[in-house]
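Worksheet: the structure to be examined is printed underneath.
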């Protein structure tokens with residue numbers, strides 16, 4: 001009886017292994033049959049592995065070491081992270097600034113891009129291009145090139161556009177140092193970033209809105225939709241949800257990676273580190289102080305912030 | 001009768017308001033660019049006027065001449081930066097488009113193991129900025145001995161997840177019938193890709209070319225990090241040099257002229273590709 005049961009167990013195990021090996025060999029033959037597909041993918045996958053996947057692994061490894069390029073990396077455990085979160089006041093300040101920035105520009109830029117795209121989709125097609133160009137062009141300019149304009153608008157002497165007009169209107173008595181005063185640095189960076197925020201996401205919204213089926217609106221008007229905002233809320237938004245998700249993912253990445261605008265307008269380091277974002281801190285440690293291990297820890301923190309926030313957004317917006 | 005007239009009037013009012021708002025806001029958005037163009041055309045006598053003047057009164061091209069002359073006497077002429085930028089940008093755009101298109105074809109139209117895993121990986125890569133990978137990328141480039149070459153500034157940017165994502169999504173909605181017909185006629189996969197897929201992908205190619213052009217053209221990092229030679233630097237870095245550092249404007253006119261020259265190509269590329277861009281972005285949606 002017992003031996004019989006054992007035999008059954010053994011038989012089952014055998015079946016399982018043969019099934020598994022059968023699965024593996026079937027997978028292998030599947031792969032071999034599709035080798036042309038993999039050949040097409042090869043260049044992308046090779047470059048992607050070498051410049052994206054491998055760097056992630058190296059970053060994680062380096063973040064546990066002390067490494068200054070000249071000497072070999074030395075394993076120091078969690079010291080970098082402890083230093084970051086316990087001792088590095090400037091890093092904590094940078095996290096604060098980045099989050100403050102992200103929670104303003106992120107949602108505001110996102111809603112603004114969607115509303116503008118929606119308004120544009122309300123007018124006849126032949127006029128749309130002009131407005132699209134007006135709103136999209138700022139996002140394709142470079143922060144470096146535009147600094148000539150911002151420095152003039154926010155200049156701290158009477159010749160600055162804002163200062164000149166504010167003095168003339170009697171709002172202020174003496175010029176305000178927009179780019180040096182620690183209270184105005186973050187607002188200025190936010191304004192400039194918002195100006196540049198109608199980018200790829202805006203185009204995705206615009207394209208999605210153009211392709212909402214017309215009969216949905218007709219059906220809606222039969223069902224009692226009267227006003228434009230009702231149309232927007234009950235018909236338009238649900239039908240462009242995939243584009244909304246795509247735009248949100250890009251927006252998270254953009255609003256957590258402020259670097260150019262800050263460095264161009266207020267410098268590195270900025271006055272009292274008032275414009276110091278996480279990415280600026282990363283650049284400072286990586287390419288000015290060459291403390292690669294510490295900088296890698298900063299990079300990993302930023303990476304986790306982006307992935308975490310995007311996961312959250314996927315969970316909120318991705319549900320059907 | 002009266003009610004229809006009134007409702008017509010109301011609609012007209014709201015449309016009028018819509019146009020006024022869009023136009024006013026649009027012009028406000030364009031104002032900084034207009035100011036840049038007008039500064040680039042200002043003669044010295046108007047650059048430092050008080051009170052400051054927004055528009056140029058006596059336009060001149062002297063700033064553009066200065067840009068070529070002043071930088072011409074330094075070690076590296078301005079045109080060299082333009083050339084470097086052109087080489088790097090076209091390398092990234094052409095190479096990136098080709099590599100992404102090749103990868104998108106099997107992901108959208110073939111059925112092979114790990115297809116979903118690979119696509120999910122690309123979507124995950126959309127969720128973070130490659131800027132956090134600067135350090136290891138720099139190390140890989142320096143270890144492979146590619147420093148100070150054009151390859152160093154092109155290779156890391158070729159496998160762009162957004163290009164592959166857009167092309168795959170675009171290809172998915174194209175019917176398979178044509179591909180089947182070509183395969184029955186005995187065409188190889190390579191031929192199907194070249195003769196059928198590439199022409200059909202045109203809108204997606206134009207879109208990705210636009211995005212990657214803008215990215216590569218404006219990005220100062222590659223030249224900042226991957227080269228130490230002055231004659232390998234690109235346009236954005238050269239403009240940084242002319243500006244003289246953050247918050248300082250040494251030669252306003254020349255700086256504005258250089259910035260203006262840098263922005264013009266991106267606008268032209270967008271105007272040329274915009275129709276195809278909107279066609280492609282309609283398929284950019286993400287789903288869980």
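So here's what we get for this one:
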item: Filter result for residue B:76 (surrounded by fewer than 16 Cβ atoms within 10 Å (Cβ to Cβ) and either touching a helix residue (DSSP H, G or I) at 6+ places or on another chain (Cβ under 9 Å) or in contact (Cβ under 8 Å) with a residue 60 or more places away in the chain (or both)); result: no
item: Within region B:167-231, helices (runs of 4 or more DSSP H) holding 2 or more residues that are within 28 Å of residue A:203 (Cα to Cα); result: B:202-218, B:221-225
item: Every residue from region A:96-137 that is outside any helix (DSSP H, G or I) and within 17 Å of residue A:255 (Cβ to Cβ); result: none
item: Meets criteria (assigned to a helix (DSSP H, G or I), crowded, with 17+ Cβ neighbours inside 10 Å and modelled with pLDDT of 90 or more) for residue B:267; result: no
item: Pairs, first more than 8 Å from every other protein chain (Cβ to nearest Cβ) in region A:51-62, second part of a helix (DSSP H, G or I), C-beta under 6 Å, six or more apart; result: none
item: Region A:143-174, subset within 12 Å of chain B (Cβ to nearest Cβ) and part of a loop (DSSP other than H, G, I, E, B), residue modelled with the highest pLDDT; result: A:154
item: Count of residues meeting criterion [surrounded by 14 or more Cβ atoms within 10 Å (Cβ to Cβ) and farther than 20 Å from residue A:155 by Cβ] in region B:44-67; result: 6
item: Residue that is nearest to residue B:61 (Cα to Cα) [pool: residues in region B:32-47 that are at the interface with another protein chain (Cβ under 8 Å from one of its Cβ atoms) and in contact (Cβ under 8 Å) with a residue 40 or more places away in the chain]; result: B:39
item: Number of positions in region A:102-135 that are under 30 Å from residue B:223 (Cβ atoms), touching a helix residue (DSSP H, G or I) at 6+ places or on another chain (Cβ under 6 Å) and facing chain B (nearest Cβ under 10 Å); result: 1
item: Residue check, residue B:277 part of a helix (DSSP H, G or I) and at the interface with chain A (Cβ under 7 Å from one of its Cβ atoms); result: yes
item: Wholly enclosed helices (runs of 4 or more DSSP H) of region A:195-274 bearing at least 1 residues surrounded by fewer than 20 Cβ atoms within 10 Å (Cβ to Cβ); result: A:200-210, A:214-222, A:228-231, A:241-256
item: Matching entry among A:67, A:110 (being touching a residue at least 12 places away in the same chain (Cβ under 8 Å) and over 28 Å from residue A:261 (Cβ atoms)); result: A:67
item: Selection status of residue B:284, surrounded by fewer than 22 Cβ atoms within 10 Å (Cβ to Cβ) and within 11 Å of chain A (Cβ to nearest Cβ); result: no
item: Of residues in region B:119-145 being surrounded by 21 or more Cβ atoms within 10 Å (Cβ to Cβ) and more than 7 Å from chain A (Cβ to nearest Cβ), the one nearest to residue B:208 (Cα to Cα); result: B:122
item: Qualifying residue in region A:18-27 (condition: modelled with pLDDT under 90, in a helix (DSSP H, G or I) and facing chain B (nearest Cβ under 10 Å)); result: yes
item: Among (1) assigned to a loop (DSSP other than H, G, I, E, B); (2) at the interface with another protein chain (Cβ under 9 Å from one of its Cβ atoms); (3) within 27 Å of residue A:245 (Cα to Cα) - the single one residue A:179 does not satisfy; result: (3)
item: Residue in region B:177-190 that is within 11 Å of another protein chain (Cβ to nearest Cβ) and surrounded by fewer than 16 Cβ atoms within 10 Å (Cβ to Cβ) present; result: yes
item: Subset of region A:280-291 that is part of a helix (DSSP H, G or I) and touching a residue at least 60 places away in the same chain (Cβ under 8 Å) - its residue that is surrounded by the fewest Cβ atoms within 10 Å (Cβ to Cβ); result: A:280
item: Matching residues in region A:261-310 - criterion: being within 9 Å of another protein chain (Cβ to nearest Cβ) and more than 18 Å from the chain's Cα centre (by Cα); result: A:263, A:264, A:265, A:266, A:267, A:268, A:270, A:286, A:287, A:292, A:295, A:296
item: Set A:204, A:297: member being in contact with a helix residue (DSSP H, G or I) (Cβ under 7 Å, 6 or more places away or on another chain) and over 28 Å from residue A:137 (Cα atoms); result: A:297
item: Residue ID - modelled with the lowest pLDDT, chosen from residues in region B:39-81 that are part of a loop (DSSP other than H, G, I, E, B) and within 30 Å of residue B:223 (Cβ to Cβ); result: B:74
item: From B:146, B:133, residue being over 20 Å from residue A:298 (Cβ atoms) and touching a helix residue (DSSP H, G or I) at 6+ places or on another chain (Cβ under 6 Å); result: B:146
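Per-residue answers, yes or no, for (1) buried (at least 23 other Cβ atoms within 10 Å of the Cβ); (2) modelled with pLDDT of 85 or more:
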{"site": "B:201", "(1), (2)": "yes, yes"}
{"site": "B:209", "(1), (2)": "no, yes"}
{"site": "B:228", "(1), (2)": "no, yes"}
{"site": "B:240", "(1), (2)": "no, no"}
{"site": "B:245", "(1), (2)": "no, no"}
{"site": "B:256", "(1), (2)": "yes, yes"}
{"site": "B:271", "(1), (2)": "no, yes"}
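The values are calculated or read from the model by the stated rules, or taken from the named source; none is laboratory data. Remember, it's a predicted structure, so these values are computed and weren't measured experimentally. Cβ sites come from the backbone with ideal geometry, for glycine too, and all protein chains shown count toward neighbours.
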